[in-house]
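Trainee: This is the structure I want to talk about, given as structure tokens.
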């Protein structure tokens, strides 16, 4: 689009450029794995922390196992029963394996989710999100306004551009927050996974796995929200070209911001949506 010399048009166009840039950034981020994010430097530190916490995980493993045996078995004689002993032994081995190979299992889950995201993108037929642009009719209407007619437009434009800019940053921060949560879960994983050693404490490990699964699946909900918004962007709000310029801008910006709020709300509530859908 040709650059306009009108301040009102420039302000709206810059706000939409910020929105488009952040939406494109999300589209790229959502296809990246935690290993690729920011060149992998953060992931290397997280895996080092994960490895360091494995030692604590092994200590807690023994503690949870002993506490579990004491609470599960009423007496020492009951603990010597073969079926009880075998059950306890298998539980201990599986809990230790979850600590030994927890990182690999968590990465496998991420790869599965990334596969789901890729399938959704391929099925949508979109190689990138659609760009939101200011219609030529509105640009012309604004440029044709005199000085006094454009005064109300300044207020509408300032409010609209502020909302659009704030929403774009809220959305990108939420996507970055997903990566932070994945890193936090990965780093601390040996501690909650050790709880599988004892039957009374195993609910901690189950809750951890459910929460981690929900964080991973947030990516699928976010990409679905971006696809739906792109389809909305392909059909911009209908504006009455016969109306006054301020009414045209208010109508267009108002409906556009409403669609943006829906997308940002979907992105921010992706974790809640996943938990409701999966019954987590």
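Trainee: Mind listing whichever residues of segment 188-214 are assigned to a loop (DSSP other than H, G, I, E, B) and either modelled with pLDDT of 90 or more or closer than 21 Å to residue 279 by Cβ (or both)?
Mentor: Hit for segment 188-214 is 189, nothing else.
Trainee: Next question. Which pairs have Cβ atoms under 6 Å, sit 6 or more apart or on different chains, and link a residue in segment 37-48 that is touching a residue at least 12 places away in the same chain (Cβ under 8 Å) to one that is assigned to a helix (DSSP H, G or I)?
Mentor: Short answer, once both residue conditions are applied: 37/179; 46/183; 46/186; 46/187.
Trainee: Pairs only if they're at least six apart or on different chains, beta carbon under 6 angstrom, first in segment 254-275 and without any contact (Cβ under 8 Å) to a residue 40 or more places away in the chain, second assigned to a helix (DSSP H, G or I) and crowded, with 16+ Cβ neighbours inside 10 Å; list them, first residue then second.
Mentor: These pairs meet every condition: 259/232.
Trainee: Here is a further query. I'd like the full set of residues that are at pLDDT below 80 and in a helix (DSSP H, G or I), limited to segment 100-134.
Mentor: Scanning segment 100-134 gives a single hit, 124.
Trainee: Here is a check on your reading of the model: is residue 177 free of Cβ contacts under 8 Å to residues at least 60 places away in the same chain and either under 23 Å from residue 116 (Cα atoms) or in a loop (DSSP other than H, G, I, E, B) (or both)?
Mentor: For residue 177, the condition - free of Cβ contacts under 8 Å to residues at least 60 places away in the same chain and either under 23 Å from residue 116 (Cα atoms) or in a loop (DSSP other than H, G, I, E, B) (or both) - is met.
Trainee: Further question: Tell me which residues, restricted to segment 88-109, are free of Cβ contacts under 8 Å to residues at least 40 places away in the same chain and farther than 28 Å from residue 179 by Cα.
Mentor: 88, 89, 90, 93
Trainee: Would you mind finding the one in 85, 97, 15, 52 that is loosely packed, with under 13 Cβ neighbours inside 10 Å and part of a helix (DSSP H, G or I)? I'd like the intermediate steps shown before the answer.
Mentor: Numbers: 85 fails: loosely packed, with under 13 Cβ neighbours inside 10 Å; 97 fails: loosely packed, with under 13 Cβ neighbours inside 10 Å; 15 fails: loosely packed, with under 13 Cβ neighbours inside 10 Å.
The unique qualifying residue is 52.
The values are calculated or read from the model by the stated rules, or taken from the named source; none is laboratory data. Since the structure is predicted, the reported quantities are computational estimates derived from the model, not experimental observations. Using ideal geometry, Cβ is built from the backbone for each residue, glycine included, and neighbour counts are taken over all protein chains shown.
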